[in-house]
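> Got a structure for you, written out below as structure tokens; questions coming shortly.
What follows draws every value from the coordinates through simple rules; no lab data is involved. Just so it is clear, the model here is predicted, and its values are computed rather than measured. All Cβ positions, glycine included, derive from the backbone under ideal geometry; neighbour counts span all protein chains shown.
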Amino acid sequence: MLEGVPVRTDRTRSAHVPTIADALARLLAVTGVRRLFGVPGGEIAEIMSACRRLGLEFVLTRHENTACIMAGIAGELSRRPGVVVATVGPGATNLVNGVANAYLERAPLLVISAQVATSLAPVLPHQRVDLETLFRPIVKWSHTLTGKDTAATVQRALDLTVEGRPGPVYLALPGDVARMDETAADPGYGMYQAPPPPVPSPRDVDRAARMISEARTPLALVGIGLDPTPSRTTLLRWLEAAQIPVAVTPKSKGLVPEDHPLFVATCAGMAGDRLVSELVGEADLLIGVGFDPTEAIRPFYLERPFLSVAEYGIAEPSFVPALELIGGVPDTLATLSATARPCHAWAPER
């Protein structure tokens, strides 16, 4: 029995050599996964049975896309990977929209689907789709399990969902591989914990403080990359210490109360963005706090020097911020608050 993991007794199945599906399910269980979302199918029966024996809840949905959206939202809310499973062929391809959504919404998501048995794939075209290639453009890593180093591979997949920019990772499990015996020793993984964020250098923090203090009309932009639970209090304390007006994106609404004296707008991508455009035009420094260009409908962040404070880098091929403070946002804001001075030139009506 796994410590801390409920195990259901299956009388129809006696003690047996664990399979690759068992190894996958066990790794999910011991790292803290408690539920999977999906639509059943014969080719994922091994995975579902292995998860059921370990007490993992299976959340049934009407469509794989729905399951994917639900798992992605679970990942966003918990800041830990949600898990979705689907059967082979059309079951897996039905996930594409939800996976793309997770990729663009920066949602940590582990996507697992069945695949045609490796022994049959060369001769049986029925439901044969190159799923690894299909998902590669919309995931951080796309891989097919082979029966070797299963636990380490699944652990890597879980880690990748939250490292840097959060996002989806895809694993395919061929039917014959799922039924293979798992002969590797138990690696002894424990409860899943996200890796600690990096720490920005003191030199970069000092440079950021100078950029802010020298700006006459700085504007803060709060976005999707900010974890609200540990960050909200520190964010408000920094804004108030520096007296910097702030706009929020739709995914970060509520982090700054709309009746707060420094709140100016929500970057909604609609008519209200005219105000944001005017403010950006008057600003001489944009300060992104968890801001991610994925939420912008036009590249206004190119129009002024940009300072990013976030847990991951936001640079794009043609967009490099003037400075990025990559690390734990609450600690970084606390450091900036200690030297913040309200010496800006925004008109009072702004």
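> Kindly identify segment 202-338 as rounded, prolate or oblate by the Cα gyration tensor criterion: order the square roots of the eigenvalues as a ≥ b ≥ c, call it rounded if a/c is under 1.5, otherwise compare a/b with b/c, prolate if a/b is larger, else oblate.
rounded
> Whose amide H sits under 5 Å from the amide H of F37, counting only residues 5 or more places off or on another chain, with H placed in the peptide plane?
It is V59, V83, V84, V85, by chain and number.
> Listing S308, S231, S318 from the residue with the fewest other Cβ atoms within 10 Å to the one with the most, what is the order?
S318, S231, S308
> Compute the relative contact order of the chain as a whole-number percentage, counting only Cα pairs closer than 8 Å that sit 6 or more residues apart in sequence.
Answer for the chain is 15 percent.
> What does the convex hull of the alpha-carbon atoms of the chain project to on average, in nm²?
The directionally averaged projection comes out at 20.0 nm².
> So what J values fall out for segment 290-305 if you push phi through Karplus, 6.51 cos²θ - 1.76 cosθ + 1.60 with θ = phi - 60°, rounded to Hz, Gly and Pro as x?
Coupling constants for segment 290-305: x, 6, 9, x, 4, 8, 8, 9, 8, x, 5, 5, 7, 7, 9, x Hz.
> Using just the helices of the chain, give the 222 nm mean residue ellipticity in deg cm²/dmol: DSSP H runs with n ≥ 4 each add -39,500 (n - 2.57), and the total is spread over all residues, rounded to 500.
Counting only the DSSP helices, I get -10000 deg cm²/dmol.
> Here's something else I'd like to know. How much length is gained on full extension from E316 to A100, taking 0.36 nm per residue of separation minus their Cα-Cα distance?
76.0 nm
> What order do you get for 130-141, 106-117 when each peptide is scored by the mean count of other beta carbon atoms within 10 Å, highest first?
My ranking of the peptides, most packed first, is 106-117, 130-141.
> Another question about this same structure. Rank the residues F300, F319 as a footprinting-exposure proxy: fewest other Cβ atoms within 10 Å of their Cβ go first.
Starting with the residue having the fewest Cβ neighbours, the order is F319, F300.
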